[in-house]
Amino acid sequence: MTSDNTAIIRKIKKLKKEKNAVILAHLYQDLEIQHAADFCGDSFELAKKARSTDAENIIFCGVSFMAESAKILNPEKHVFIPRKDAGCRMADMITKDDVLKLKEKHPSAAVVCYINSSADTKSVCDMCVTSSNSLKIIKNMKENEIIFVPDKNLGSYIAKQLPEKKFHFFNGFCPVHNNIKLEELKKAKELHPGSLVLVHPECRPEISDAADFVGSTSAIINFVKESNEKSFIIGTEKAIVEKLTEECPEKDVFLIADHVVCRNMKLTSLEDLLYTLEDLDDEVILPDGVMISARTCLDNMMKAGSAK
Ligand code: 13P
Ligand code: SF4
């Protein structure tokens, strides 16, 4: 940490107390943002934290669908995202109309949306899921026919484990994870023999099939921390490797390929966070109708995801 950063972080810590704010950061954020945050987590952990906080103001360091979800779950709180231009390329691939068309084609199917979708898309879905809770939630749903949007890779990963259910997919994907190639996985194994390969379910099916473990960002971190093995190849965003290198110095952690970086997640700077806290201006606002209709599927996820 540079001395400049130390001064900014000191100001951030002082301001967040004065302004009754909590700082939540996704695990793909730069480490300096994660150091300034009160809580870091994967998308489900952050949604739960947003719901349980007593703070009046939530500063969400992540991408826009995450801040929108925090607002929908907490309409009475003020939610701010330091970079409003931080979108999710997968969420942008699908619209509400795409979902309505799929519903018309498969009228008896339940519609499950990955949380990586806009509030407008969520407004016409029955159930929301994240990468950490999707298998459990869909398994427990009474419907045997499921429209799963937008991530075809996460969808097919789950479908393989639930052969009793029939799935319809949309052709969406995360360009960051979908770009990981099998040749890159094989090359990483050659370079780091004996390493376990841990990947996010947004990767292509052949990558998930070849991995030793598939899980959400937090699940990957926990796996490394709890494992007796020493060496790991990580098939998800670069920040996870940086975090593990910092927190588990006794382990060797390698990124599967250099390009696995989510540029939108990297937009947030400490200055952005400081200015957001200073101004508490331009909060996340969604149309009332969208807030109400998108809340159903998020509430359903919170209930189903927390059930034993
Ligand atoms: P997590 O649910 O693991 O936080 O993943 C969110 C995400 O955007 C992965 O690309
Ligand atoms: Fe969206 Fe992919 Fe970035 Fe995750 S890594 S926020 S899915 S673009």
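Just so it is clear, none of the values below were taken in a lab; they were calculated from the coordinates. Everything quoted here is computed from the prediction, not taken from an experiment. Here the Cβ is made from the backbone with ideal geometry for all residues, glycine too, and neighbour counts use every protein chain on show.
Key figures for this structure:
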| item | result |
| --- | --- |
| Under-17-angstrom lysine pairs by C-alpha in the stretch 142-231, whenever the two are 8 or more apart or on separate chains | 8 |
| Binned Cα-Cα distances of the stretch 79-157, short to long, each 5 Å bin given as a whole percent | 3, 15, 26, 24, 18, 8, 4, 2, 0 |
| Largest-first ellipsoid semi-axes for the stretch 188-237, taking √(5λ) over the Cα gyration tensor eigenvalues, angstrom | 16, 15, 8 |
| Residue-wise HN-Hα coupling along the stretch 63-76, computed from phi with Karplus coefficients 6.51, -1.76, 1.60 (Hz; x: Gly, Pro) | 10, 4, 4, 6, 5, 4, 5, 4, 5, 4, 6, 9, x, 7 |
| Count of Lys pairs (Cα-Cα under 18 Å; at least 8 positions apart or interchain) in the stretch 44-101 | 5 |
| Under-5 Å amide H pairs with G172, H placed in peptide plane, nonlocal only | K152 |
| Residue with peak Gaussian network fluctuation, the chain [Cα springs, cutoff 10 Å], from N178, N140, N153 | N140 |
| Candidate aspartates and glutamates - alpha carbon under 12 Å from K16, same-chain residues fewer than 8 apart omitted | D38, E56, E278, D279 |
| Structure-based [θ]222 nm, the chain - -39500 (n - 2.57) summed over DSSP H runs of at least 4, per residue, nearest 500 | -13500 deg cm²/dmol |
| Unmatched cysteines, the chain - criterion: no other Cβ of a Cys under 4.7 angstrom | C40, C61, C88, C174, C203, C248, C262 |
| Debye log10 I(q)/I(0) for the stretch 1-150, one point scatterer per Cα, at q = 0.08, 0.20, 0.21 Å⁻¹ | -0.27, -1.21, -1.29 |
| Given charges at Cβ of Lys, Arg, Asp, Glu: the chain dipole, positive-most of C297, F223, L244 | C297 |
| Amide proton proximity set for F167, modelled H, under 5 Å, gap of 5+ | I146 |
| Computed magnitude of the charge dipole of the stretch 266-308 (debye, nearest 20; Cβ of K, R +1, Cβ of D, E -1) | 660 debye |
| Amide hydrogen neighbours beyond the local backbone of V79, cut-off 5 Å, H modeled | I58, V284 |
| Dimensionless Rg ratio for the chain, taking C-alpha atoms and the 2.2 N^0.38 Å reference | 0.99 |
| Dipole moment magnitude, nearest 20 debye, the chain about Cα centre, only Lys, Arg, Asp, Glu C-beta charged | 740 debye |
